[in-house]
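Each value in this text was obtained by applying a stated rule to the coordinates, not by laboratory testing. Everything quoted here is computed from the prediction, not taken from an experiment. Here the Cβ is made from the backbone with ideal geometry for all residues, glycine too, and neighbour counts use every protein chain on show.
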Amino acid sequence: MRRTRLEKVTPDNYEAALGLSVRPDQDDLVEPVVKSLAEAYVFPEHAWPRLIYDGDRLVGFLMAFFGIPWGDDPDDVRAGLWRLNIAADAQGHGYGRFAVEAVCAEIRARGGDRAYVTWEPRPGGPEGFYLKLGFRPTGERSGGQTVAVRGL
């Protein structure tokens, strides 16, 4: 029986988090955990970093964002998945889906009704994964990445 859960990053587990790595062919698709933790430190009012465990095994890292103003419209404030790093040897076992659903549940718990994500539009990228989970491109770009949304 799988015991997948999210945990806060703590002094006891941050070194393991820093050692987490995706497949080499995915290095250009997602920033390393160390950069995400630095951004979470700099933007604590927006960042929600969590580790993904299956039992005692660290299998991934996610970082959600909340309350990010988007573009020039002050009323367009968004929440969604900022980063998702699933360990190279843990991919294909449902941990990414678990992470996305956990972020969507947190957004709903905070009163949100949409989740956003971005991805690098290239062969081998995560587009198919996010489309299967119900995200649809908005037609926007962010730093060259495709912006997509999912209703909650």
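Rounded to the nearest 10 degrees, the angle from helix 33-42 to the longest Cα principal axis of the chain is 50 degrees.
Close amide H partners of Arg78, meaning residues 5 or more places away or on another chain with modelled amide H under 5 Å apart, are Gly67, Ile68, Trp70.
Within the chain, antiparallel bridges make up roughly 95 percent of the DSSP beta bridges whose residues both belong there. Computed about the Cα centre, the dipole magnitude for the range 1-103 is approximately 520 debye when only Lys and Arg (+1) and Asp and Glu (-1) carry charge, each at its Cβ.
Relative to the longest principal axis of the Cα atoms of the chain, the long axis of helix 95-109 makes an angle of roughly 50 degrees.
Structure remark: mean-square fluctuation, Gaussian network model of the chain, C-alpha springs under 10 Å; the largest value among Asp27, Asp75, Asp56 belongs to Asp75.
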